[in-house]
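Undergrad: Quick one: this structure, given as structure tokens, is what I'll be asking you about.
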Amino acid sequence: MTAPAQSPQPPGSSPSPQPPESSPSSGPPESPGRSEGVPPQGRSSKAVARLARPAPEAPVPVSVPRPGRPHLAELRLSAFAAHRGAGFSLGPLTLFAGPSGSGKTSVLRAYEALARLGGGSEVGEVFPDPRGCVPERARPDAQRRRGFRIGCTADGPEGPVRLDVAVQAEPELRIVGERLTANGLVLLETALRDPSRRSVQAAWHTGGSSPVTRAPLPDDRLGTALLPLRVAGKTDGQRQVLAAAEQMVVALRSVFACDPAPERMRAAVPIGDGRLLRDCSNLADVLWRTRSECGQRHAQLVTAVRTGCAGPVVDVLAEPLRDGMLRAVLDRGDGPRTAFERLGDGELRYAALALVLLTGPGVLEVDPPGEVPAAMQTLTVLADGLDRGVDVRQRAELLRLAARMCERGHIRLVGAVSDASWAAEVDGVTVVHLEP
């Protein structure tokens, strides 16, 4: 049930925690509490309310020493799909494990949604089916409004920065509340005041003679992503707001959601820009580019494919056809090459995921923050069904490859698997077990 509208907490003061709700109020999201205080899934709303006690913000576990590359250290699903009051710590390599219906895909969908909002996408593009994001038994309020709440914590040079977003799904899709905090200080808070207007009232920390700046912001985009265009940065408070917002945006962008589709990878493709699509259907075009541009990474790819594919493998490449198309092939070293169309589904998924782990934002269909040096960026790969269709040997090799790449700090992986018992033998893996 939705709580009545509330006035935004003045930036600069600690937010008053509220219990997670199934539908967003016409005000800022509830202030997050301690991760360990999050109730297990499936508890009633009353139980959630009892456990949401006022408490100072707990430090979020960090996976790399600060100062480091901005990255997401925690994901919160206060009320999203099958999840209520859920908080998940994220390591460099995190696997969400559980049976069908436990909410693994929902976790990755929420992560990708935050990433797209952080990149400036309009809320309707991010949530084409917003009703599917509303908890199943969420009841509408007196105005027949229902919605969902998601949030995250970005760690980096500025320390932990928290973002919580409330989205109204019915009767119309809009962002009705947002809160950005750091070190107990509310830096940005938005609230829907007049439902007839396509805007929210925003207040951000300023400091100086005027502690708060108030202005309307559009209700179809994330306010945090708009702050660099609205805040001048003349006072210490404004610079603090900009630093926190930029860390959050940098951490959210450079996300590549990947789910290779073997049935689409077997066909020949035209020569394009050499950027891998999320279904990896243009893998031949990417091989055509990467084999000539980066010999070292290509050699690593060949080694990985040799380990995960049947038979000898001397090279992995794309060869042109007479009609100008490209097809991906394996060079066996003994004469005729093996076209990818002859490989099994597991071999194709394995090869595609290995390629993703060994490349970077310039080769994947992502929109990294160009204004940020590459040394301060982290690519996060979201892999739903990481173990789908691959055999025991292939999944183990993929995890070892992911652990090696994630250890360097420039890439992170969040994957979903049905069972993670086999992952215990690989160091550096954070496993989150979900129950339906």
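The values are calculated or read from the model by the stated rules, or taken from the named source; none is laboratory data. Quantities reported herein were computed from a predicted structural model and do not represent experimental measurements. In this analysis, Cβ positions are derived from the backbone assuming ideal geometry, glycine residues included, and neighbour counts consider all displayed protein chains. Accessible surface areas use protein heavy atoms only, side chains included; no ligands, DNA or RNA. Shrake-Rupley method; radii C 1.70, N 1.55, O 1.52, S 1.80 Å.
Undergrad: Of everything in segment 286-300 that's open to solvent by 10 Å² or more (accessible area, probe 1.4 Å) and in contact with a strand residue (DSSP E or B) (Cβ under 7 Å, 6 or more places away or on another chain), which residue is nearest to Arg266 (Cα to Cα)?
TA: Trp288
Undergrad: Let me ask something else about it. Just checking, does segment 324-339 include any residue being at pLDDT 95 or above, hydroxyl-bearing (Ser, Thr, Tyr), surrounded by fewer than 21 Cβ atoms within 10 Å (Cβ to Cβ) and within 21 Å of Gln394 (Cβ to Cβ)?
TA: Yes, because at least one residue in segment 324-339 is at pLDDT 95 or above, hydroxyl-bearing (Ser, Thr, Tyr), surrounded by fewer than 21 Cβ atoms within 10 Å (Cβ to Cβ) and within 21 Å of Gln394 (Cβ to Cβ).
Undergrad: Does Pro135 satisfy the criteria of being in a loop (DSSP other than H, G, I, E, B) and in contact with an Asp or Glu (Cβ under 9 Å, 6 or more places away or on another chain)?
TA: Answer is no for this residue.
Undergrad: Can you confirm whether segment 358-367 contains a residue that is part of a loop (DSSP other than H, G, I, E, B), in contact with a helix residue (DSSP H, G or I) (Cβ under 7 Å, 6 or more places away or on another chain), of a type in the set (Gly, Ala, Ser) and farther than 17 Å from Pro70 by Cα?
TA: Within segment 358-367, none of the residues are part of a loop (DSSP other than H, G, I, E, B), in contact with a helix residue (DSSP H, G or I) (Cβ under 7 Å, 6 or more places away or on another chain), of a type in the set (Gly, Ala, Ser) and farther than 17 Å from Pro70 by Cα.
Undergrad: Right, here's the next one. May I ask you to list the residues in segment 112-157 that are under 23 Å from Phe88 (Cα atoms), surrounded by fewer than 20 Cβ atoms within 10 Å (Cβ to Cβ) and in contact with a Pro (Cβ under 9 Å, 6 or more places away or on another chain)?
TA: Gly119, Pro157
Undergrad: I'm trying to understand the selection: among the residues of segment 382-427, which are part of a loop (DSSP other than H, G, I, E, B), in contact (Cβ under 8 Å) with a residue 12 or more places away in the chain and open to solvent by 60 Å² or more (accessible area, probe 1.4 Å)?
TA: Arg388, Asp391, Ser418, Asp419, Asp427
Undergrad: Also, I was wondering about something else. If I filter segment 286-297 for residues that are under 25 Å from Tyr111 (Cβ atoms) and either more than 23 Å from the chain's Cα centre (by Cα) or among the β-branched types (Val, Ile, Thr) (or both), do I get at least one hit?
TA: Scanning segment 286-297 turns up at least one residue that is under 25 Å from Tyr111 (Cβ atoms) and either more than 23 Å from the chain's Cα centre (by Cα) or among the β-branched types (Val, Ile, Thr) (or both).
Undergrad: All but one of (1) in contact with an Asp or Glu (Cβ under 6 Å, 6 or more places away or on another chain); (2) closer than 18 Å to Gln394 by Cα; (3) open to solvent by 50 Å² or more (accessible area, probe 1.4 Å) hold for Thr303; which doesn't?
TA: Every listed condition holds for Thr303 apart from (1).
Undergrad: Give me the pairs: first residue in segment 98-124 and under 14 Å from Phe256 (Cβ atoms), second residue part of a helix (DSSP H, G or I) and acidic (Asp, Glu), beta-carbon distance under 8 Å, and six or more apart or on different chains, which are they?
TA: These pairs meet every condition: Arg116/Glu125.
Undergrad: Take Pro140 and tell me if it is modelled with pLDDT under 95 and closer than 21 Å to Val250 by Cα.
TA: Spelling it out, it is not the case that Pro140 is modelled with pLDDT under 95 and closer than 21 Å to Val250 by Cα.
Undergrad: So is Arg221 open to solvent by 30 Å² or more (accessible area, probe 1.4 Å), in a loop (DSSP other than H, G, I, E, B) and out of contact with any Leu (no Cβ under 6 Å at 6 or more places or on another chain) or not?
TA: yes
Undergrad: While we're on this one: Identify all residues within segment 231-262 that are surrounded by fewer than 16 Cβ atoms within 10 Å (Cβ to Cβ), without any contact (Cβ under 8 Å) to a residue 24 or more places away in the chain and not in a loop (DSSP other than H, G, I, E, B); write none if there are none.
TA: Selection gives Arg239 alone.
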